[in-house]
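Written below as structure tokens is the structure these notes are about.
The values are calculated or read from the model by the stated rules, or taken from the named source; none is laboratory data. In this text the structure is predicted, and so the values were computed from the model without any measurement. All Cβ positions, even for glycine, are placed from backbone atoms using ideal geometry, and neighbour counts span all protein chains on display. When the accessible area is computed, the model is the full protein with side chains, heavy atoms only, and any ligands, DNA or RNA have been set aside. Shrake-Rupley method; radii C 1.70, N 1.55, O 1.52, S 1.80 Å.
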Amino acid sequence: MGMTMTQKILAAHAGLPYVEAGQLIEADLDLVLGNDITSPVAIHEMDKFKKEGVFDKEKIALVMDHFVPNKDIKSAEHCKCVREFACRHDITNYFDVGEMGIEHALLPEKGLTVAGDVVIGADSHTCTYGALGAFSTGVGSTDMAAGMATGKAWFKVPSAIKFNLIGKPSKWVSGKDIILHIIGMIGVDGALYKSMEFTGEGIHNLSMDDRFTIANMAIEAGGKNGIFPVDDITLAYMKEHSKREFKVYEADEDAVYDEEYTIDLSKLKPTVAFPHLPENTKTVDEITEDIKIDQVVIGSCTNGRIDDLRCAAEVMQGEHVKKGVRCIVIPATQKIYLQAIEEGLIQTFIQAGAIVSTPTCGPCLGGYMGILAAGERCVSTTNRNFVGRMGHIDSEIYLASPAVAAASAITGKISSPEELDN
């Protein structure tokens, strides 16, 4: 019986010739990640271990991104705790104001994650790095602490679901629409503790930014991880961003999958997840009523990359945000922010009546930079639309792609970019 891509990576890091679904293993880690919310808890847990030092100062990444620049005294104290820990242990990859970015965009950009890695992070969306052909998954802060101390983590080897992608997506269909379609199809628990493995010739029609978005939201289907095969697009990205050695793993032909789905990307349409679950999806042409909105957020670890900003700017070029709508644009990293300035994207956003923020997770988790009041509606390119996720429990969040978000900001209601041409 063969192994899936994920199983091969885990076997190699556990020093085993073979693993199977359900098996408990201990694996060596290539990177341990924490942010300003989760790291302080892990640091306090490490203090209980009474262990001097960390397993490898090069293989820990601490990214201050959720409430940074600090929104209040509590968030400032959290960052101070992590900053002092990073200094005390001489952590190489500590990123604060001026260097920081949203963690799951920043780490690949910095070349800290590559194909074949095993990565854990005290953040649900650590599964993003599967876009590069790595096994990456979110863990609790206690597991992060153990990882920083020992360089190892326990895993139950996941079974897998295969998603065979064929065809080429149309103009306004992006990675966000693909993953929302999949979550709408299988549900928020459809891949519970399973590896979502993406294959097929359609992958070649997806940019790295599309792949990061799809892998990022594997957790929203309950997945343990999402993972893509390594192709020329992946290799070019890693060559540009990283000097680390990597290893390419491929699933065996006789690998076992719990389920298999074939998705024709050419048939997909821009998709929106209605409140209050990512599985509650409708395509834009299925929305018959006018859903008026109060706010639009374009950014996050899901959709704050340069392709996302380019797409939003293309829609907003020469247009203006509807009076009464607040449009907030958040580049995911400093590098992306600078590139957006150089390409004139920031000018387009500001001329259209949007505001542009320094990189931060901010509004995604109801932190700051765009909290919703009771009764308000927001179209957001983030990854979760649970009750109260971005503010008041009586507010509503509609998840969408940058193209749909930008078009909705202009019309003041949930809209497709194609509607602006009519």
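Every condition in (1) part of a helix (DSSP H, G or I); (2) touching a helix residue (DSSP H, G or I) at 6+ places or on another chain (Cβ under 9 Å); (3) more than 24 Å from Ala11 (Cα to Cα); (4) open to solvent by less than 60 Å² (accessible area, probe 1.4 Å) holds for Ala218 except the one numbered (3).
Listed here are the residues, each with its yes/no results for (1) open to solvent by 50 Å² or more (accessible area, probe 1.4 Å); (2) part of a loop (DSSP other than H, G, I, E, B); (3) modelled with pLDDT under 95.
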{"site": "Gly367", "(1), (2), (3)": "no, yes, yes"}
{"site": "Asn385", "(1), (2), (3)": "no, yes, yes"}
{"site": "Ser408", "(1), (2), (3)": "no, no, no"}
{"site": "Leu420", "(1), (2), (3)": "no, no, yes"}
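Would you confirm, using the coordinates I've provided, whether Ile393 is over 26 Å from Gly318 (Cβ atoms) and open to solvent by 40 Å² or more (accessible area, probe 1.4 Å)? Considered against the rule, which asks whether it is over 26 Å from Gly318 (Cβ atoms) and open to solvent by 40 Å² or more (accessible area, probe 1.4 Å), Ile393 comes out as yes. When the stretch 187-209 is limited to residues that are open to solvent by 30 Å² or more (accessible area, probe 1.4 Å) and part of a helix (DSSP H, G or I), the one that is nearest to Ile263 (Cα to Cα) turns out to be Glu201. Annotation: of all residues in the stretch 160-176 being of a type outside the set (Lys, Arg) and surrounded by fewer than 21 Cβ atoms within 10 Å (Cβ to Cβ), the one that is nearest to Glu45 (Cα to Cα) is Asn164.
The set of residues in the stretch 1-46 being within 23 Å of the chain's Cα centre (by Cα), part of a helix (DSSP H, G or I) and hydrophobic (A, V, I, L, M, F, W, C) consists of Met5, Ile9, Leu10, Val41, Ala42. Could you tell me whether any residue of the stretch 247-254 is open to solvent by 40 Å² or more (accessible area, probe 1.4 Å) and either closer than 19 Å to Glu103 by Cα or outside any loop (DSSP other than H, G, I, E, B) (or both)? For the stretch 247-254, residues open to solvent by 40 Å² or more (accessible area, probe 1.4 Å) and either closer than 19 Å to Glu103 by Cα or outside any loop (DSSP other than H, G, I, E, B) (or both): absent.
Evaluated against (1) under 21 Å from the mean Cα position of the chain (by Cα); (2) surrounded by 13 or more Cβ atoms within 10 Å (Cβ to Cβ), Tyr257 falls short on exactly one condition, (1). Inspect the stretch 264-275 for any residue being open to solvent by 70 Å² or more (accessible area, probe 1.4 Å) and closer than 30 Å to Gly190 by Cα and give the result as yes or no. For the stretch 264-275, residues open to solvent by 70 Å² or more (accessible area, probe 1.4 Å) and closer than 30 Å to Gly190 by Cα: present.
Restricting attention to the stretch 351-365, which residues are part of a helix (DSSP H, G or I) and open to solvent by less than 20 Å² (accessible area, probe 1.4 Å)?
Gly362, Pro363, Cys364
Restricted to strands (runs of 3 or more DSSP E) entirely inside the stretch 59-158, those with at least 3 residues that are hydrophobic (A, V, I, L, M, F, W, C) and open to solvent by less than 10 Å² (accessible area, probe 1.4 Å) are 60-63, 118-121.
Pairing residues of the stretch 253-269 that are within 19 Å of Ser174 (Cα to Cα) with residues that are open to solvent by 60 Å² or more (accessible area, probe 1.4 Å) and not small (Gly, Ala, Ser), at Cβ distances under 7 Å and at least 6 apart in sequence or on separate chains, gives Leu265/Lys168; Leu265/Asn205; Ser266/Lys168; Leu268/His181; Lys269/Asp285. Among the residues of the stretch 283-303, write down those that are within 18 Å of Pro417 (Cβ to Cβ) and without any contact (Cβ under 8 Å) to a residue 12 or more places away in the chain. If the condition is that a residue be within 18 Å of Pro417 (Cβ to Cβ) and without any contact (Cβ under 8 Å) to a residue 12 or more places away in the chain, then Glu286 is the only one that fits. Under the condition of being open to solvent by 20 Å² or more (accessible area, probe 1.4 Å) and either more than 11 Å from Asp252 (Cβ to Cβ) or of a type in the set (D, E, K, R) (or both), the residues counted in the stretch 1-23 number 11.
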